[in-house]
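The values are calculated or read from the model by the stated rules, or taken from the named source; none is laboratory data. Computed from a predicted structure; not experimentally measured. The accessibility values were calculated without ligands, DNA or RNA, using every heavy atom of the protein model including side chains. Shrake-Rupley method; radii C 1.70, N 1.55, O 1.52, S 1.80 Å.
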Amino acid sequence: MITTPIHYFRLPARVGRLLLGIDTEVKRRLTQIAAGALSLLIIVTACTQGDSSHSGRQGDNEQAVADVSCKSPKQKVSKSLSSGATWTMCWGVHPDFGLTLSDIYITPPGEDPIRVIDTMSTSQLEVPYDTGERLTSDITESGFGGRKMKTLTDDACRGDIQAASIPKIGDGSYGKSETRKVLCSEVVDEGLAYHSSDLVAPANARKNGWQLSTVSRVGWYEYVSQYTFGADGSINVQLGATGDLSPVDYTDEEHGWDVGDHEHAASHSHNAVWRIRWGLGGTGGMSAQQFDADETGEKGAESPKLTGKLTDLDHPTTARWQNRRWWRVLNPNLLNDDGHPISYQIDVGKTDSFEFVDDAEHSHTHGDDIGYDVGFTNHNDCELYATKNRGDCGRGVPEFVEDGKDQTLDDVVSWVAVGFHHVPRDEEQSPMEMHWQGFTLLPRDLTAQRFDLPKGHEGVNGVPDSEWNQESIN
Ligand SMILES: [Cu+2]
């Protein structure tokens, strides 16, 4: 932990106050002297910190790229971002799931690599049409890999296009392979990271992100599987849809939208679930919690009182999103420098919830509400598809949860469900403009402070000293 007292860095403000009322030229000279003294202090402090030993800290960033060996044909990729953090992982193409990321590590600047996720991919995409006349389960019926995965060209990807060996026939699980450029690896601008107009240590910065994406064509649709690894440690997961509206699903006004010449393109839902097997700090030893902030009905002096609480999710379960609710997966035995367990928050935001048609038709285990926004189970090699699962271990998430309800969560898998009810628009012909659905995984207490502390903010960790408060208000 950086223990430099904050008041070292507060010198210029104090000097600034002392200088009030002094002749401008004298003031300018004194400010220069103060700035020089501050620079010297920063250098001395930096040297002192370099000497201090810390178990989790690297002297430099030599170890930033985690020592990951990817099992062929998976390939290792790594990228350092604006904060100084480095992401490292393996990528591959699964015949069904398409782009699959595994052994995902982040190395915060100056720290050792932290294992975050074991495996992450789409686990089902169900598309029921409002007419009731069509239902596809794209991951199990077509797959996102094999020949469904499209070769990318420079007009679709501004970054590096990386190649993988993709089977030439069928669903991509067998036969001769060809090497095709399918993965777009791109560093993208992510806007403002922070803006702090503090008097003592003003600092503003932008940030970037590392985006990995592939395109899979299923029927008339082309789906983009996209993962953006943020400089702040966040992971934004998105499914994008483009291509063309189905030419064989036209209907009446009640079930679609007039997209030209009184022809109503059928409305439909894109029901997507991602499977994330966590790997926080290793394998197993993890747990899951739900956070809720509930209104108490009481009022304080100025605003209603809310009570925030964490509930341990001890056993496999599913849950629905509500206002002010989120979940996290944590490793209770792995603490950051503040002594807090490292964790990642699942932030589904406001999205369209859904019940899988397949689950509703095959549910013997749950009551009326078989839908979920997030599910938690223990890892099981046989439980891979959110619906229409293969093998003799349950048909989908509700059954996985039911089968495992007496287990204690340990090797945590999150099933994150994000729906999108698509009412076609005139503008979607043709091709269809991209539409997106997804969620974010947010580091919560992975490190004791932000990755990229600007100068002068190093000591702000917890209740700031009174000086900081006062100066911030001014
Ligand atoms: Cu659609």
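Annotations
- For Y385, the residues whose amide H sits under 5 Å from its own are R390, ignoring neighbours fewer than 5 places away on the same chain, with H placed 1.01 Å from N.
- Only lysines eight or more places from K309 in sequence, or on another chain, were considered; those with a Cα closer than 30 Å are K299, K350, K405.
- Accessible surface, region 75-444, averaged per residue in Å² (probe 1.4 Å): 43
- Solvent accessible area, Å² - E263, 1.4 Å probe, full protein context: 90
- Flagged links, alpha-carbon separation over 28 Å, of K71/K176; K79/K168; K76/K148; K181/K388: K79/K168; K181/K388
- Eligible aspartates and glutamates near K305 by straight Cα distance, threshold 19 Å, same-chain separation 8 or greater: D292, D294, E295
- For region 282-429: rounded, prolate or oblate by the Cα gyration tensor [a/c cutoff 1.5]: oblate
- The distance linking region 279-326 with region 403-470 is 15 Å (Cα centroid to Cα centroid, whole angstrom).
- Under a 5 Å amide H cut-off, with hydrogens placed 1.01 Å from N, K168 pairs with K176, S177, E178 among residues at least 5 apart or on other chains.
- Calculated from backbone phi, Karplus (6.51, -1.76, 1.60) coupling profile of region 186-195 in Hz, x at Gly/Pro: 9, 8, 10, 5, 10, x, 6, 8, 7, 9
- Full-extension gain in nm, D112 to H421, via 0.36 nm per residue minus C-alpha separation: 107.0 nm
- Hz values of 3J(HN,Hα) by residue in region 425-430 - Karplus curve (6.51, -1.76, 1.60), Gly and Pro given as x: 10, 3, 5, 7, 10, 8
- Residue-wise HN-Hα coupling along region 243-254, computed from phi with Karplus coefficients 6.51, -1.76, 1.60 (Hz; x: Gly, Pro): x, 9, 4, 4, x, 10, 10, 10, 8, 8, 4, 5
- Along its first, second and third principal axes, ordered by size, region 375-474 spans 63, 51, 19 Å in Cα coordinates.
- Fully extending the segment from V463 to L192, taken as 0.36 nm per residue of separation minus the present Cα-Cα distance, adds 95.1 nm.
- Rounded if a/c under 1.5, otherwise prolate or oblate - region 75-444, Cα gyration tensor axes: rounded
- Amide H within-cut-off set for D352, under 5 Å, with H built and near neighbours excluded: G419
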